1. Cβ-Cβ below 7 Å, separation at least six or inter-chain, first residue in the range 248-276 and over 22 Å from residue 114 (Cα atoms), second in a helix (DSSP H, G or I): which pairs?
2. For residue 360, work out the one condition from (1) in contact with a Ser or Thr (Cβ under 8 Å, 6 or more places away or on another chain); (2) within 21 Å of residue 435 (Cα to Cα); (3) hydroxyl-bearing (Ser, Thr, Tyr) it doesn't fulfil.
3. Working carefully through the options 328, 358, find the one that is within 23 Å of the chain's Cα centre (by Cα) and basic (Lys, Arg).
4. All but one of (1) surrounded by fewer than 21 Cβ atoms within 10 Å (Cβ to Cβ); (2) under 21 Å from the mean Cα position of the chain (by Cα); (3) away from the ligand (no atom under 13 Å from the Cβ) hold for residue 408; which doesn't?
5. Every residue in the range 451-468 that is touching a Leu at 6+ places or on another chain (Cβ under 7 Å) and part of a helix (DSSP H, G or I), please.
6. What is the number of the single condition among (1) farther than 27 Å from residue 366 by Cα; (2) surrounded by fewer than 19 Cβ atoms within 10 Å (Cβ to Cβ) that residue 193 does not meet?
7. Please state which of the following conditions residue 336 fails to meet, knowing it meets all the rest: (1) buried (at least 23 other Cβ atoms within 10 Å of the Cβ); (2) under 27 Å from the mean Cα position of the chain (by Cα).
Amino acid sequence: MYAQSELNYKVVNAIKTESYDNSQAYEMLNEITTLFGPRLSGTENYMDAATWAKDELESLGLDNVHFESYSDNFRNWSAKSFSIELLKPRYSKINTIPYAWVNQTKGVIKGVPVLVDHNNLEELKKYSGKLRGKILLNPNVGNRDDVRTGPFTDEILAAAANHNKPNNPDGLDNSGLEPFTESLKRKISDKKETDVIQLLLLKEKVAAVITGSSSSPGIIYARQLPYHKQRDLKPVPHFVIGKEDHQLIVGMIEKGLNPDLKLHLKVDFKDVSENHVNIFGEIPGIDEKLKDQIVLIGGHYDSYHSGTGAADNGQGCATLMEVMRILKKIDIKPRRTIRIALWGGEEQGLNGSMHYIKNYVGDVVTGAKGEEHSKISAYFNHDNNGHNIRGIFMQGNPELRPIFEDYLSPFHSVGAKTVSVENACCTDHVPFDALNIPAFEWIQDPMHYFTHQIHTNLDVLDLVTESSLKHNAAIIATFVYHTAMRDELLPRKK
Ligand SMILES: [Zn+2]
């Protein structure tokens, strides 16, 4: 294999030096999270952060830096003020975050909550006519304790490297990958079920709904409802509270203590579409025959409304901007054009990347091909947590193995050596893959991502590790550079 290596060691060493010694990734992430905080799609926070990223890409000297709107009559929603307090039998503040895309309360609401599983339609119907002005508390609480944590062991990585099928029940990313078109259909039918429940809650004039966080005590796993379009309904106010508070209040009700709650939520719903943008920049290719071809790197810039969106996916975007910074700084002259895309709307259903795909790449439902379908050599997505890259998922294409093993070889000594045919799930590379564009996610150590970071109030800068950002930027820059320089496009699935 090494006899045919594509690696340019001079460039690899320059990438490593620039990434490990002069990294700007953590400082960029510090700016994104400190200046703007959470970047829920369509908010002014998102737009301010997008403007910052556009300025930053321009200051790196990239070409063709611009916004493209992905708007489809989306709403803007933001929480302006909210709280839940326990007044009786004793005073306590309750740890809470409202669901995104819900309506505000009618002023301050007080009352003893009614225990109802509001997600169970039959259960909810039993209370018909009795819930006007009431606070509902769902007695059931989810459990996210069975998620992966810590670094991957050598055994787990070796098993993933040896699997010969893309979907394995014991795979690294066994999130139940279903064909993309199936997942689109499922989302439509899920929304119909949610609509029935939400319309009933509105009809019954419920004052507010409270759910316990499915994460460990102290960690709010934030939620949203699928009403981010202008013509959508405005659901009654929903809150998530900490598991510790949920257990306490349910316990008080069961012991007949009649816990008295006081709560309020103020939100801004605006029917304007201008804050929904993707952000692009390029290093143009110089080879006359190949410069129209593209190596695309991207990740979603939007986040949940909890925490500051540091791991999901501020770190991914800061690392990708760092990759572009490194490649500019060491002054590569790529044969193909290298393009960075920071997507909006991922958390509401890959809206930003899907808009790009529809305009330029193809139709994921009919399979019709767009103008860039034959030109994109690869799409490298980065949205897998910010901990150390240990390798790459081939997304079902074993032909990539020798190429990717070659590109990873300079990083074996720092723990990145696994090339797995397995699929990675559930983010912006999936619709590219559905059109057979070689599209990838990185294998990354889970560490505390699924327990403490993703979509939670603790998705903050302090839980991101600077050394991982340097390690990851060096690996991604190495893949991007060599994909842009090789004679052929990366092979596609047969
Ligand atoms: Zn994400």
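1. Going by the 7 Å Cβ cut-off, the qualifying pairs are 275/44; 275/46; 275/47.
2. Residue 360 satisfies all of (1) in contact with a Ser or Thr (Cβ under 8 Å, 6 or more places away or on another chain); (2) within 21 Å of residue 435 (Cα to Cα); (3) hydroxyl-bearing (Ser, Thr, Tyr) except (1).
3. Working: 328 fails: within 23 Å of the chain's Cα centre (by Cα).
Answer to the selection: 358.
4. All conditions are met except number (2).
5. From the range 451-468, those touching a Leu at 6+ places or on another chain (Cβ under 7 Å) are 452-453, 461, 464; that's our starting set.
452, 453, 461, listed by residue number.
6. Looking at each condition in turn, residue 193 falls short on (1).
7. Of (1) buried (at least 23 other Cβ atoms within 10 Å of the Cβ); (2) under 27 Å from the mean Cα position of the chain (by Cα), only one is false for residue 336: (2).
Table: residues versus (1) surrounded by 15 or more Cβ atoms within 10 Å (Cβ to Cβ); (2) at pLDDT 85 or above.
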position	(1), (2)
152	yes, yes
156	yes, yes
163	yes, yes
174	no, no
177	yes, no
183	yes, yes
189	no, yes
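The values are calculated or read from the model by the stated rules, or taken from the named source; none is laboratory data. What you see is a predicted model, and the numbers here were worked out from it, not measured in a lab. All Cβ positions, even for glycine, are placed from backbone atoms using ideal geometry, and neighbour counts span all protein chains on display.
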